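Below is one structure; the comments refer to it alone.
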Amino acid sequence: MDNSVKKLMYSDKCLERDVVIVLLKMPEAHPAFVNAGKKEGLEIWRVEDFEPVPVPPKQHGNFYSGDSYIVLKTTGSNRFTWDIHFWLGSKTSMDEAGAAAILSVNLDDEQFNGDAVQHRETQGYESRQFLSYFEPAIRYMDGGHASGFSHVTVNAGTEKRLFQIKGKRNVRVKQVEASVNSMNKGDCFILDVNHDIFVYVGDGSKSVERLKAITVANQIRDQDHNGRGNIEIIDPYSNEGDLDKFFEALGSGDQESVPEATEGGDDEEFERGSTQEVTLSEISDKTGEIKIKKIPGPLKQELLDPQECYILDTGSSIYVWVGRKSNGKEKSAAMDKAKQYLKANNYPAWVHISKVTEGAEPTAFRQYFEDWN
C-alpha cells in the first residue's frame with residue numbers, strides 16, 4: 001500500500017499510530033475482497049478491529065450505529081459496473097471510519113483497477129441510491145462490534161424529494177425543498193415519496209420539460225425503487241381527488257397556492273444560472289502542498305488532466321474525479337479535501353460525495369461537460 005495512506009486523509013484527523021501500522025500491513029489485495037464484484041448483486045463487510053468481515057445476506061440492511069461498513073453493488077452481466085459505499089454510523093469511531101475509507105480504496109484499486117464509483121454515506125443522510133438496495137427498509141441498530149447490541153429502530157424509507165425540471169434547450173433537473181413554495185405553474189416537478197412518484201405538469205411548462213420529467217420519473221422508478229414505484233401524472237386535467245393526493249404527499253399547499261409561472265423565472269436565465277452553479281476545482285500538489293484551485297468555465301472534458309484530481313461541485317452533490325496518472329498523495333487527499341470543501345461552503349449534510357475514476361465516469365458526472373466523448 002502507498003505510504004501516502006500514513007496520514008489517512010479520509011478522516012478529519014490523523015488516525016492513531018497503531019491503526020496506521022495495522023493498515024500499512026494490509027496486503028495489496030485484502031483476502032476478504034478476493035472474489036468481490038465477480039457476479040451481479042450486493043456484498044457487505046463490517047469493519048471489525050480494522051478488518052473487513054463479510055455480513056451474511058440475511059443481515060443485509062441491518063446497520064449498527066457504532067460501526068462502519070463497506071457496501072459493494074455490482075451491476076451488469078457481461079460487463080460489470082461497481083459502486084462502493086462506505087457507510088459511517090452516527091457513533092462510529094474515527095479510527096473505524098478511516099479504516100472503512102481506506103479499505104474501500106483498497107477494494108477499488110486492487111479488484112477493479114480504480115473503475116468503481118465510491119460514495120461516502122453517513123447514517124441518516126444516505127443517498128437514495130444506497131437506500132434502494134434494501135427492502136423494505138434500512139434498519140438502524142444500537143450498539144456496535146465493540147459494545148454489543150440492543151434494540152432495533154426502523155427507518156421506514158420515507159425520504160421525500162422534490163425535483164424541478166426546467167430549461168429551454170438544455171433541460172436541467174434540480175433537487176429543491178419539498179414545499180409548494182418551491183413550485184410554479186411554468187415548470188414540471190417530480191415528487192418522490194415512499195413508493196409513489198408524482199409528475200406535476202405546470203400549465204405553462206414546455207413540451208421538452210414534460211418529456212424530460214417523464215423520462216426522469218421512469219429512471220427514479222427503475223433505479224431507486226427497483227422498478228416497483230408507482231408513477232402518477234398530475235396535470236391541468238387531473239381530478240380533484242388526484243390533486244388532493246399529490247398535495248397531501250407533498251405536505252403543503254393546494255393547486256391554488258402554487259406560485260405563478262413568472263415566479264419560476266426565465267428558462268434561459270435558469271440555464272445560465274445552473275451552468276454557473278456547477279464548478280470545477282483542481283486538487284494538486286505541484287507546489288509540494290495539496291491545494292484546491294478553481295478552474296474557470298465553460299466545463300470541457302479536456303480540462304481534466306490525467307495527472308491530477310478534481311472536485312466537481314453541482315450544488316446538490318460533489319464528485320471527486322481521479323486521474324489515472326495522479327500521484328498517491330493527491331489520491332489519498334482528494335476525498336478529505338472534498339469533505340473540507342463541504343464544510344468551508346456550509347453545505348447541508350444531505351450533499352453527498354462520490355469518487356469517480358478517469359475512464360469510468362457515470363452519466364450523472366458526464367452531463368455537466370459540454371463536449372464529453
Selection from segment 165-188 of residues that are at pLDDT 90 or above and among the basic types (Lys, Arg): Lys185
Tally of residues being touching a residue at least 60 places away in the same chain (Cβ under 8 Å) and assigned to a loop (DSSP other than H, G, I, E, B) across segment 89-112: 0
Contacts under 9 angstrom Cβ, first residue in segment 180-196 being closer than 14 Å to Lys245 by Cβ, partner of a type in the set (Val, Ile, Thr) and in a loop (DSSP other than H, G, I, E, B), 6 or more apart: Val193/Thr158; Asn194/Thr158
Segment 221-246 residues that are within 19 Å of Phe163 (Cα to Cα) and in contact (Cβ under 8 Å) with a residue 40 or more places away in the chain, paired with ones that are of a type outside the set (Val, Ile, Thr) and in a helix (DSSP H, G or I) (beta carbon under 9 Å, 6 or more apart): Gln223/Arg128; Gln223/Gln129; Asp224/Arg128; Asp224/Gln129; Asp224/Leu131; Phe246/Gln255
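The values are calculated or read from the model by the stated rules, or taken from the named source; none is laboratory data. Quantities reported herein were computed from a predicted structural model and do not represent experimental measurements. As a convention, Cβ positions derive from the backbone with ideal geometry for all residues, glycine included, and neighbour counts pool all protein chains shown.
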